[in-house]
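Take a look at the structure set out below.
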Amino acid sequence: MRDPAANPKRENTILSGFARFGGLDQLDWLMILASILLGTIAKQHHFLDLPDWLLEWVSPFLLMAFGYKARRKTTEAVEGRRDRRKDTREE
């Protein structure tokens, strides 16, 4: 019987599975899944009495766009903090 800890690539197995589908990382997949689930729930409960095509296609697209914009802003903020921290260490 093989020891699972003996395989050094075991930790990257999940990530390599996601990489087969266009190189998206886990956060990308989480945003896609959340958008689809929220669109489906909104359609089932007739959210604001909007047409089905809007809830099926437009709302998930808008949620994804918002998610990517929020992710970009967060990444920029984190990189800015790292740069400032790096500058204060050098002085």
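What follows is calculated from the coordinates using simple rules that are stated; it is not laboratory data. Quantities reported herein were computed from a predicted structural model and do not represent experimental measurements. Every residue, glycine among them, receives a Cβ derived from its backbone with ideal geometry; neighbour counts consider all protein chains shown.
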Next on the checklist: For the pair Thr74/Trp29, report the inter-label distance in nm, with labels modelled 7 Å from Cα in the Cβ direction.
Outcome noted: 1.7
Next on the checklist: Could you work out how much longer the chain between Phe61 and Leu38 gets when fully extended? Use 0.36 nm per residue separation minus the Cα distance between them, nm to one decimal.
Outcome noted: 7.2 nm
